[in-house]
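Visitor: Have a look at this one.
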Amino acid sequence: MTVENLRDRLPDFAKDIRLNLSSVLKEDPGSGLPLNHIYGVALASAYATRHPDVIAAVSGDATAILSAEEVNAAKSAATVMAMNNIYYRFVHLVHDAEFSKMPVGLRMNVIANPGIAKVDFELYALAVSAINGCGLCIESHTKVVEHGGISKQGIQHAVKIAAVINAAAQALQI
């Protein structure tokens with residue numbers, strides 16, 4: 001399956017998502033994101049949606065663009081953020097400073113050693129965190145990717161990819 005197949009399956013009420021899917025998965029000179037960043041973000045986002053057809057479609061296109069290490073990092077980002085976004089969203093929303101001082105005690109070594117450039121992995125993690133709605137993680141990953149040289153337009157592009165991939169999964173479930 002490919003993203004084009006996925007677009008064709010989106011119902012008429014999701015016409016905007018169909019059109020956006022075409023546009024966000026292209027290089028945009030304003031964002032500065034190369035195609036491998038775009039598809040790494042898209043793949044991590046697809047895994048975060050948990051929708052098998054969305055995962056299959058993005059994987060179908062991404063395998064021609066991404067290295068095996070980038071594919072693995074996208075899986076790792078979606079998986080570790082599934083844990084971290086829950087934990088850190090709790091710490092943020094509970095409004096009790098004592099929780100933020102407690103040792104986390106959860107393994108997340110992949111963040112330090114993702115197998116690809118750290119800034120690339122952080123961009124994947126940012127997109128997944130946006131889907132999962134963890135403000136604390138969004139803020140943290142945004143700072144890291146900005147410090148790593150990704151422009152605000154590049155960050156916006158990554159989050160738009162996550163938003164559109166998530167919306168496609170939603171449209172297929174209705």
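Visitor: Can you pull out the residues in the range 48-98 that are touching a Ser or Thr at 6+ places or on another chain (Cβ under 7 Å) and of a type in the set (Lys, Arg)?
Guide: Within the range 48-98, none qualify.
Visitor: Quick test for you: out of 19, 6, 43, pick the one residue that is among the hydrophobic types (A, V, I, L, M, F, W, C), open to solvent by 70 Å² or more (accessible area, probe 1.4 Å) and either under 13 Å from residue 169 (Cα atoms) or assigned to a helix (DSSP H, G or I) (or both).
Guide: Details: 6 fails: open to solvent by 70 Å² or more (accessible area, probe 1.4 Å); 43 fails: open to solvent by 70 Å² or more (accessible area, probe 1.4 Å).
Sole residue among the options that is among the hydrophobic types (A, V, I, L, M, F, W, C), open to solvent by 70 Å² or more (accessible area, probe 1.4 Å) and either under 13 Å from residue 169 (Cα atoms) or assigned to a helix (DSSP H, G or I) (or both): 19.
Visitor: Tell me, which residue of the range 54-71 that is open to solvent by 50 Å² or more (accessible area, probe 1.4 Å) and not in a loop (DSSP other than H, G, I, E, B) is farthest from residue 146 (Cα to Cα)?
Guide: Taking the range 54-71 first, the residues open to solvent by 50 Å² or more (accessible area, probe 1.4 Å) are 63-65, 68-69.
Then drop every residue that is not not in a loop (DSSP other than H, G, I, E, B), which leaves 68-69.
On the way: 68: 25, 69: 23 Å.
Step by step, filter the range 54-71, then rank; the result is 68.
Visitor: Out of all the residues in the range 146-174, which are in a loop (DSSP other than H, G, I, E, B) and open to solvent by 50 Å² or more (accessible area, probe 1.4 Å)? I'd like the intermediate steps shown before the answer.
Guide: So the first thing to find is which residues in the range 146-174 are in a loop (DSSP other than H, G, I, E, B), and the list is 148-151, 174.
Matches in the range 146-174: 149, 174.
Visitor: Could you please tell me which pairs satisfy a Cβ distance under 8 Å, a separation of 6+ or placement on different chains, a first residue in the range 83-98 that is farther than 9 Å from residue 134 by Cβ, and a second residue that is among the small types (Gly, Ala, Ser)?
Guide: Hits for this filter: 91/100.
Visitor: Separate question: Is it the case that the range 97-104 has a residue that's open to solvent by 50 Å² or more (accessible area, probe 1.4 Å), modelled with pLDDT of 95 or more, under 21 Å from residue 163 (Cβ atoms) and not in a helix (DSSP H, G or I)?
Guide: no
Visitor: Right, something else. Which count do you get for residues in the range 108-141 that are within 19 Å of residue 169 (Cβ to Cβ) and either hydroxyl-bearing (Ser, Thr, Tyr) or outside any loop (DSSP other than H, G, I, E, B) (or both)?
Guide: Our first condition is that a residue be within 19 Å of residue 169 (Cβ to Cβ); within the range 108-141, this holds for 124-134.
Still in the running and either hydroxyl-bearing (Ser, Thr, Tyr) or outside any loop (DSSP other than H, G, I, E, B) (or both): 124-132.
The total comes to 9.
Visitor: Has the range 111-124 got any residue that is without any contact (Cβ under 8 Å) to a residue 24 or more places away in the chain, charged (D, E, K, R) and more than 23 Å from residue 55 (Cβ to Cβ)?
Guide: No: zero hits.
Visitor: Would you mention how many residues in the range 123-153 are over 18 Å from residue 70 (Cα atoms) and either basic (Lys, Arg) or in contact with a Gly (Cβ under 8 Å, 6 or more places away or on another chain) (or both)?
Guide: Qualifying residue count for the region: 4.
The values are calculated or read from the model by the stated rules, or taken from the named source; none is laboratory data. As the structure is a computational prediction, the values presented were derived from the model and not from experiment. In this analysis, Cβ positions are derived from the backbone assuming ideal geometry, glycine residues included, and neighbour counts consider all displayed protein chains. Note: accessible area is taken over every heavy atom of the protein model, side chains too, but ligands, DNA and RNA are not part of it. Shrake-Rupley method; radii C 1.70, N 1.55, O 1.52, S 1.80 Å.
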